[in-house]
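*Asks:* Just dropping this structure here.
Derivation of every value follows stated rules applied to the coordinates shown; laboratory data play no part. What you are looking at is a predicted structure, and each value in this text was computed from that prediction instead of being measured. We place every Cβ from the backbone using ideal geometry, glycine too, and count neighbours over all the protein chains shown.
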Amino acid sequence: MTKILAAEKLLQPLDWSKLPTVRKNVDPKFTRTSDDPKNTYSVVKDWGTTGFMYRTDKIKERPTTWKEFVALAKKYSGKVTMVDSSPEVVGSMAVMLGYSYNTDNQKELDAVKKVLLDLKPHILALHSSNYDTLIARGKAWLGLGWNGDGLLLASKVPAQYVVAKEGGELWIDYYNIPVGAKNPDAAHAWMDFVYRPQINGLETSYTYYGSPLKRSLLKGTAAGKLLTDKVVFPPTSIVKRLELNQVTAKGTRLRERIWTEFKAS
């Protein structure tokens, strides 16, 4: 959305003179991202992965791939949830088929649509905010979603979060200031405040999503115990097989058509 909103001239350029803590503490790999190559409009909020989670006390199998996820979704029909978001679901199924997460090839996306329409009768719910709650309550046993939710789920019930072996999405959330914002000074002050190590460590310990700060600054903060957690901070061996969402305008149009048909089926 940062890239889209910037292209539509709906974001204010940031005043980096008001962000000294951000400039000092941000991990260099979270500057000049592909969404904002000149650091004009955004400050990274957090980052993570898209994968799947399952109840280890309900599902005897130990899936590690998207193909196994789909097979188990059919086996445990009616016990499966997914986030209500086309990029993650369509992209993940594309990766399962051996395509890029960002494919905009019509034939490849037609193959993805076939997989999804075949899977739809087995889906309990599509929801982006309570899919993990359904799993926690035992109404669902398996779900496609985000790593922070997966780790939070595992803190409540026997559960496991998985980054599929085929690959998937590495996502980044951003802070932006929209055109017309009434108090951009306060927005800058907030971004600079949350880049203090102690504050950012608190956020990481609450959300279970990766911090954009230099890792060394998080030692001794509330996030310290999570620095070795491979769900919160996936190692390079996992990150290298993931893709950032770089879907083209053409790809977005095709995916939204698939998503509309999938949800209506």
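*Asks:* Amide H to amide H, which residues 5 or more places from Ile123 or on other chains are under 5 Å from it, using H placed in the peptide plane?
*Replies:* Those lying under 5 Å, H to H, from Ile123 are Gly78.
*Asks:* For the chain, what ratio Rg/Rh do Cα atoms give with a Kirkwood hydrodynamic radius? Don't jump to the answer; show the numbers that get you there.
*Replies:* Details: Rg = 19.1 Å, Rh = 19.5 Å.
Here Rg/Rh amounts to 0.98.
*Asks:* Between 0 and 90 degrees, rounded to the nearest ten: what's the tilt of helix 66-75 against the longest Cα principal axis of the chain?
*Replies:* Value to nearest ten degrees: 50.
*Asks:* I've got another one for you. In whole Hz, what ³J(HN,Hα) sequence does the stretch 96-107 give by Karplus (6.51, -1.76, 1.60; θ = phi - 60°), x for Gly and Pro?
*Replies:* Working through the residues one at a time gives 4, 7, x, 9, 5, 4, 9, 3, 10, 7, 4, 5 Hz.
*Asks:* Also, I was wondering about something else. Using helices alone, I'd like the mean residue ellipticity at 222 nm for the chain: each DSSP H run of four-plus residues gives -39500 (n - 2.57), total over residue count, nearest 500.
*Replies:* Calculated mean residue ellipticity at 222 nm is -11000 deg cm²/dmol.
*Asks:* Then there's this: Set the bar at 23 Å for Cα to Cα. Now go through Lys156/Lys240; Lys156/Lys225; Lys74/Lys113; Lys29/Lys240 and name every pair that lies beyond it.
*Replies:* Values: Lys156/Lys240 30 Å; Lys156/Lys225 18 Å; Lys74/Lys113 16 Å; Lys29/Lys240 14 Å.
Where the Cα-Cα span goes over 23 Å, the pairs concerned are Lys156/Lys240.
*Asks:* Determine which lysines satisfy two conditions relative to Lys182: a Cα distance under 23 Å, and not lying fewer than 8 residues away in the same chain.
*Replies:* Once the sequence-local lysines are set aside, what remains near Lys182 is Lys3, Lys9, Lys18, Lys45.
*Asks:* I've got another one for you. Name the shape class, rounded, prolate or oblate, that the alpha-carbon gyration tensor gives for the stretch 119-265, where a ≥ b ≥ c are the square roots of its eigenvalues, rounded holds for a/c under 1.5, and otherwise prolate holds if a/b is larger than b/c and oblate otherwise.
*Replies:* Verdict is oblate for the stretch 119-265.
*Asks:* Along the charge dipole of the chain, pointing to its positive end and built from +1/-1 on Cβ of Lys, Arg, Asp and Glu, which listed residue (Pro178, Ser85, Thr236) has its Cα farthest out?
*Replies:* Ranked along the dipole, the leading option is Thr236.
*Asks:* Please list 3J(HN,Hα) in residue order for the stretch 32-40, calculated via the Karplus relation 6.51 cos²θ - 1.76 cosθ + 1.60 where θ = phi - 60°; whole Hz, with x for glycine and proline.
*Replies:* 6, 6, 5, 7, 8, x, 10, 6, 7
*Asks:* What is the set of long-range amide H partners of Trp47 at a cut-off below 5 Å, with H atoms built 1.01 Å from backbone N?
*Replies:* Excluding prolines and chain starts, which carry no amide H, the hits are Asp173, Gly210.
*Asks:* Taking the Cβ of each residue in Tyr131, Tyr175 as the centre, tally the other Cβ atoms inside 10 Å and list the residues starting with the fewest.
*Replies:* Lowest to highest Cβ neighbour count: Tyr175, Tyr131.
*Asks:* Grab the beta carbon distance between Lys230 and Asp118, set R0 = 41 Å, and tell me the FRET efficiency rounded to 0.05.
*Replies:* Working: r = 32 Å, r/R0 = 0.78.
FRET efficiency, Lys230 to Asp118: 0.80.
*Asks:* Could you work out how far apart the two model spin labels at Ser155 and Ser237 are, taking each label as a point 7 Å from the Cα in the direction of the beta carbon, and quote it in nm?
*Replies:* 2.6
*Asks:* Can you list the HN-Hα couplings for the stretch 187-193, worked out from phi with the Karplus curve (6.51, -1.76, 1.60; θ = phi - 60°), rounded to whole Hz and with x for Gly and Pro?
*Replies:* Once rounded to whole Hz, the list reads 5, 4, 5, 5, 4, 5, 5.
*Asks:* How large is the charge dipole for the chain, taken about the Cα centre, if only the Cβ atoms of Lys, Arg (+1) and Asp, Glu (-1) carry charge, to the nearest 20 debye?
*Replies:* Its charge dipole is roughly 480 debye.
*Asks:* Starting from the exponent 0.38 and prefactor 2.2 Å, build the expected Rg for the stretch 191-234 from its residue count and divide its actual Cα Rg by it.
*Replies:* That works out to 0.99 for the stretch 191-234.
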